[in-house]
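Reading through the structure tokens given below for one structure.
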Amino acid sequence: DAGITQSPRHKVTETGTPVTLRCHQTENHRYMYWYRQDPGHGLRLIHYSYGVKDTDKGEVSDGYSVSRSKTEDFLLTLESATSSQTSVYFCAISDDRAPFNNSPLHFGNGTRLTVT
Amino acid sequence: GENVEQHPSTLSVQEGDSAVIKCTYSDSASNYFPWYKQELGKRPQLIIDIRSNVGEKKDQRIAVTLNKTAKHFSLHITETQPEDSAVYFCAASSDNFNKFYFGSGTKLNVKP
């Protein structure tokens, strides 16, 4: 399995508080992603990164920000948590050194976030 | 952006039967189509993938087919077993930063 660690694994927080989720990889992959998973919606891309300090928005980026100061770490911040952000958050990585331009995503174990 | 639709949302089969899950995509630039299996409480894991220059790929009991003209691809599982019970997701991506767009998932239940 790809070396991806997400922390925390579970978190309960109150509406209006900031929350930061961490993703750490040991694979030295260039691409990193944050997805959220909700019933009936599959996995939706929040933000992604294609290098240190290089990030961009995905499909559902409102209310979220990211930072990538080192290759191995990708942080997701909920600036002011809302109940609609209760979800399971997955970090993923992808290898840009593959012989093809695309290579599969490898996921972390997820963070279950509950906003009360 | 890309839109991936997946059907059915739930599928129940008897052990030993075949299961087929279908996906369509909208962006003709998509050229890579992986399938993921997610067991309850676990992370999605890649089970098979196909690139746009190939029409079919097989790995033991699972196979994937791709019709680029119609923009649809399918997952076929033969001789299903109870351990195949899980949620399956299709996805599509292009060369654009390797971003993946996922279908909404199919919950497969294999009855012993």
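The values are calculated or read from the model by the stated rules, or taken from the named source; none is laboratory data. Not measured: the values here are computed from a predicted model. Here Cβ is always computed from backbone atoms with ideal geometry, including for glycine, and neighbour counts include all displayed protein chains. Just the protein is used for accessible areas: all its heavy atoms, side chains included, with ligands, DNA and RNA removed. Shrake-Rupley method; radii C 1.70, N 1.55, O 1.52, S 1.80 Å.
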Task: Residue match in the range A:94-105 (condition: modelled with pLDDT of 95 or more and either crowded, with 21+ Cβ neighbours inside 10 Å or at positive phi (or both)) - done: no
Open item on the list: With the requirement that a residue be assigned to a strand (DSSP E or B), more than 15 Å from B:S94 (Cβ to Cβ) and under 15 Å from the mean Cα position of the chain (by Cα), what does the range B:1-22 give you?
Closed with: B:E5, B:Q6, B:H7, B:T10, B:L11, B:A19, B:V20, B:I21, B:K22
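Would you please name the residue that is most open to solvent (accessible area, probe 1.4 Å), looking only at residues in the range A:33-42 that are at pLDDT 95 or above and not charged (D, E, K, R)?
First, the residues of the range A:33-42 that are at pLDDT 95 or above: A:33-37.
Subset that is not charged (D, E, K, R): A:33-35, A:37.
On the way: A:Y33: 0, A:W34: 0, A:Y35: 0, A:Q37: 34 Å².
So, considering only residues that are at pLDDT 95 or above and not charged (D, E, K, R), the one most open to solvent (accessible area, probe 1.4 Å) is A:Q37.
What number of residues in the range A:1-22 are open to solvent by less than 50 Å² (accessible area, probe 1.4 Å), within 16 Å of B:P44 (Cα to Cα) and at pLDDT 95 or above? Break it down stepwise before answering.
Step one: of the range A:1-22, the residues open to solvent by less than 50 Å² (accessible area, probe 1.4 Å) are A:2-4, A:6-8, A:13, A:16-17, A:19, A:21.
Subsequent filtering for residues that are within 16 Å of B:P44 (Cα to Cα) retains A:2-4, A:6.
Checking which are at pLDDT 95 or above leaves us with A:4, A:6.
Qualifying residue count for the region: 2.
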- [ ] Hand me the list of strands (runs of 3 or more DSSP E) wholly inside the range B:55-100 holding 2 or more residues that are among the polar types (S, T, N, Q) and open to solvent by 10 Å² or more (accessible area, probe 1.4 Å).
- [x] B:62-67
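Looking only at the range A:43-64, filter to residues that are acidic (D, E) and more than 9 Å from chain B (Cβ to nearest Cβ); which one of those is least open to solvent (accessible area, probe 1.4 Å)? Reasoning before the result, please.
Step one: list which residues in the range A:43-64 are acidic (D, E), which gives A:54, A:56, A:59, A:62.
When the remaining residues are screened for being more than 9 Å from chain B (Cβ to nearest Cβ), the result is A:54, A:62.
On the way: A:D54: 63, A:D62: 132 Å².
So, considering only residues that are acidic (D, E) and more than 9 Å from chain B (Cβ to nearest Cβ), the one least open to solvent (accessible area, probe 1.4 Å) is A:D54.
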Open item on the list: Name the single residue that is surrounded by the most Cβ atoms within 10 Å (Cβ to Cβ) among those in the range B:5-41 being at pLDDT 95 or above and of a type in the set (A, V, I, L, M).
Closed with: B:I21
TODO: Go through (1) more than 11 Å from chain A (Cβ to nearest Cβ); (2) of a type outside the set (G, A, S); (3) in contact with a Lys or Arg (Cβ under 8 Å, 6 or more places away or on another chain) and name the single condition B:D27 misses.
DONE: (3)
TODO: Determine whether A:T116 is open to solvent by 10 Å² or more (accessible area, probe 1.4 Å), away from chain B (no Cβ under 14 Å) and touching a helix residue (DSSP H, G or I) at 6+ places or on another chain (Cβ under 8 Å).
DONE: yes
- [ ] Determine, yes or no, whether B:L75 is away from every other protein chain (no Cβ under 13 Å) and more than 10 Å from the chain's Cα centre (by Cα).
- [x] no
